[in-house]
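Scroll down for the structure; my scribbles are underneath it.
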Amino acid sequence: ELFAQAPIKEYPGVAVETVSDSSRYFVLRIQDDNGRSAFIGVGFGDRGDAFDFNVALQDHFKWVKQENELSKSAQLGDSGPKLDLGFKEGQTITLNIG
């Protein structure tokens, strides 16, 4: 049975915050189904693990941002001018190799 959850909408944000005087500790805001919330501390014994946690959150939200931008650009279509790099009728090109 689920006791509480920590929905993370953005990072950094109110759901996960780093502790100002340590790179190994984080504060999580957890919520229950009734909307009540509490703050708990999470600490990593190894700095590498804390670094990996931090980077994983950053990479995830970077990916989410890129996916949102791609879907927006796909919905809008190519609204910019088209660049025609093809040869026009009768147009020639000369190459001097040597």
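The values are calculated or read from the model by the stated rules, or taken from the named source; none is laboratory data. All values derive from a computational prediction rather than experimental measurement. Counting neighbours? That spans all protein chains shown, and the Cβs are built from the backbone with ideal geometry, glycine included. Ligands, DNA and RNA are excluded from the accessible area calculation, which covers all protein heavy atoms including side chains. Shrake-Rupley method; radii C 1.70, N 1.55, O 1.52, S 1.80 Å.
I need the full set of residues from segment 1-56 which are small (G, A, S), open to solvent by 50 Å² or more (accessible area, probe 1.4 Å) and in contact with a strand residue (DSSP E or B) (Cβ under 7 Å, 6 or more places away or on another chain), in order please. Hits for segment 1-56 are S37, G41.
Just one of the listed residues (G86, G80, G43) is over 15 Å from the mean Cα position of the chain (by Cα), of a type outside the set (F, W, Y), on the phi < 0 side of the Ramachandran plot and modelled with pLDDT of 90 or more, and it is G43.
Report yes if some residue within segment 71-89 is of a type in the set (A, V, I, L, M, F, W, C) and closer than 30 Å to V27 by Cβ; otherwise report no.
Of segment 71-89, the ones of a type in the set (A, V, I, L, M, F, W, C) are 74, 76, 83, 85, 87.
This time we only want the ones that are closer than 30 Å to V27 by Cβ, so: none.
Within segment 71-89, none of the residues are of a type in the set (A, V, I, L, M, F, W, C) and closer than 30 Å to V27 by Cβ.
For segment 57-90, residues that are part of a loop (DSSP other than H, G, I, E, B) and either aromatic (F, W, Y) or open to solvent by less than 100 Å² (accessible area, probe 1.4 Å) (or both) total 5.
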